[in-house]
Every structure is written in structure tokens, then in C-alpha cells.
1. How high is the relative contact order of the stretch 86-183, given as a whole-number percent (alpha carbon pairs under 8 Å, six or more residues apart)?
2. How much FRET efficiency would the formula 1/(1 + (r/R0)^6) give for A20 and F284, where r is the Cβ-Cβ distance and R0 is 35 Å, rounded to 0.05?
3. If r is the Cβ-Cβ distance from A142 to T28 and R0 is 30 Å, what FRET efficiency results, to the nearest 0.05?
4. Hey, with R₀ at 30 Å, roughly what FRET efficiency would A302 and D118 work out to, going by the Cβ-Cβ distance, to 0.05?
5. For the chain, what does the relative contact order come out to in percent, with C-alpha contacts under 8 Å and a separation of six or more?
6. Any idea what the relative contact order of the stretch 49-108 is, in percent, if you count C-alpha pairs under 8 Å spaced at least 6 apart?
7. Go through G160, P171, N214 and say which Cα lies farthest out towards the positive end of the charge dipole of the stretch 141-217; charges sit on Cβ, +1 for Lys and Arg, -1 for Asp and Glu.
8. Over the chain, what lengths in whole Å, largest first, do the semi-axes of the equivalent ellipsoid take, defined as the square roots of 5 times the eigenvalues of the alpha-carbon gyration tensor?
Amino acid sequence: MNQRVAVLGAGGHTGGFVVAELRRRGMTPIPCGRTTDLDEALRAADAVINCAGPFAATAAPAIEAAIRAGIPYLDVTAEIEVVGDTFAAYAGAAVPIVPAAAFYGGLGDLLATAAVGDWPAADEITIAYALSSWHPTRGTTATGRVSAQRRDGRRIAYTGGRLQHLAGDAPHTSWTFPAPVGQRPVVAEFTMADSATIPTHLDVPEIATYMTRNAVADLRAPGSSGPVAVDAQGRSAQTFLVEVVARSGGLERRAVASGRDIYAITAPLVVEAAALVLAGEGAFAGVASLGARFDAKAFLGALSPLHLALG
């Protein structure tokens, strides 16, 4: 069966990777621009993937259109506030809704779910990101501005069982990543969308997040030209390693994934999720993250070794 997937923001950087991945998987993308009549476009679609940030402006209208069309909705937002809004507003939706099915939000959620495994709860989950560089897309820069405005310049940390807004600069420390990365200086409390998805289905009061300082400096540098393609797939030279450590009662469990280009890896993550939902797996109605909808180890295994190296 030829499955047709509408892609909102198909002309953007991440949207282009998603369109290519859908075609590689034998699915038919329906590119949708920002001015597309979504109700018209979704009449011919089996699902919709939203890649159009800032998602504070696009998520709710696209979700409402998906609900009217009776089809699954997935997005790749890294906007913590949008993830929270989606869970709050659409818990009772009649279609599957999968927010943050991307590098930020989805991958950490899957790794945390795999690490926690059969534990009923964890005392703490740590997510440590090592990026060789970070040349943000225009979409990342725009969504960052929107989120900063909503936070009134404050940072976010998941502590005491909830997301909290904190004043002042984030602390700096170091983290020892698996080889070959090793010990690196990191910015702590660099909270990403994983801290909004994980607590929706895992019992954990503390989520610590670290990002390598070089990546934070790149992200904040003025005048970034964005990612530069270095291969036929359009990927940049950027590499990443994500380590998740779950702790409970003095025990530790770890899950690690590494790969190339945080924007490119988002495509197989969200397309795998769409393919599974369309096949009936994890296709229950309402809002749920990747880790809640699917068998995390099996999902990650499906992306290895073509897209991810697992440790």
C-alpha cells in the first residue's frame, strides 16, 4: 500500500531530510508550504509530519487539521513549551499525536526508556550531549528566540518532579563521555525537549542535562551560516554522541547512541515513527512520545547501523 505523508515545512532544512527519507522508505511525501490549505492537503494524506518551526505558531493549527482529517500527527519540535502545551491540550484527541519525534525530545526519550528498562521508577536520569559542532539552521535560531521570549530570559531545569524556571547563568562542569569523546567541559541544565517527554511516562523526579561547551558557543555565535553539506545525502560533518544514565537505589544503567548530523538523524526517527503508527504499532489515540508509544530498544535497533551506532 502506497502511504502518503504530508510534510509541513518540506522546503526547510529538516523537512528536506524528511521528504528524502519518506521516499527512501517507499512512502509518498506531500510537500506543504506555510501557506498551504492544510485541510485540502490532508484529505489525500495518511499522516502528517510537521517540520515547520517555530512550532509555537504551527503545531496547534496542524494538530487541529490532522484531527479533522482523522490522521496521525507527528512533529519534530525541540520547543519545550510546545511539547508541554501539546500534552496538556490534546490528551483526549481521537488520533495519534507524537510530539518531538526528533533528535531533541525523541532520541533522549528512547535512550532513557531503554536504560530504565523494567525499573518501576528511577531516582535520576542524566542526558549528556557531545556535539563536535553546532551550526544552527534558521529554524533553530527562530525557535530559540521564541522560546527565550516565553521564558523571559530564564533557563529551565527538570527538578523536584517538574520543569522549573531558574534565573542566572547555567552552571559549568565536565562530563566523561564514552570513547572516543572522553572528558569534555559541558554546560549543565542545558534542558531540551527530552525533559518534557520523558516525565510523561517515566517516574523520575530529576533529569540532569549536559551539553558540550563548544556546541553551546557555536549555537550562540552571531552570524552562523547554518549547516554545510559534505556528502551526497546533504549531511554536514557534525557528529554527535548522546549518553543517558539512569540511576535507582545505587544502581546505574546506561544507553548510548552516536551518529552524524542532528538534523539529518531527525528524519529516520520521525519517519520510523510514522511508518510504525501507520502499520498499527503504537497507534493509540491521544498524545504520547516515542518512548511511550514504542518498544524503545526495538525502535533504536531499527535505526542501527544505517543511522545510529548504539552502545
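1. 14
2. Values: r = 29 Å, r/R0 = 0.82.
So, using R0 = 35 Å, E works out to roughly 0.75.
3. Numbers: r = 29 Å, r/R0 = 0.96.
It comes to 0.55.
4. With R0 = 30 Å, the Cβ-Cβ based efficiency is 0.90.
5. On the way: 677 pairs, mean separation 70.4, N = 311.
Relative contact order of the chain: 23 percent.
6. Relative contact order here is 37 percent.
7. Going by the charge dipole, the pick is N214.
8. In descending order, the three semi-axes are 28, 21, 20 Å.
The values are calculated or read from the model by the stated rules, or taken from the named source; none is laboratory data. Only a predicted model underlies this, so the values are computations on that prediction, with no experimental measurement involved. No Cβ is skipped: glycine too gets one built from the backbone with ideal geometry, and neighbour counts run over all protein chains shown. Surface accessibility is based on the protein's heavy atoms, side chains included, excluding ligands, DNA and RNA. Shrake-Rupley method; radii C 1.70, N 1.55, O 1.52, S 1.80 Å.
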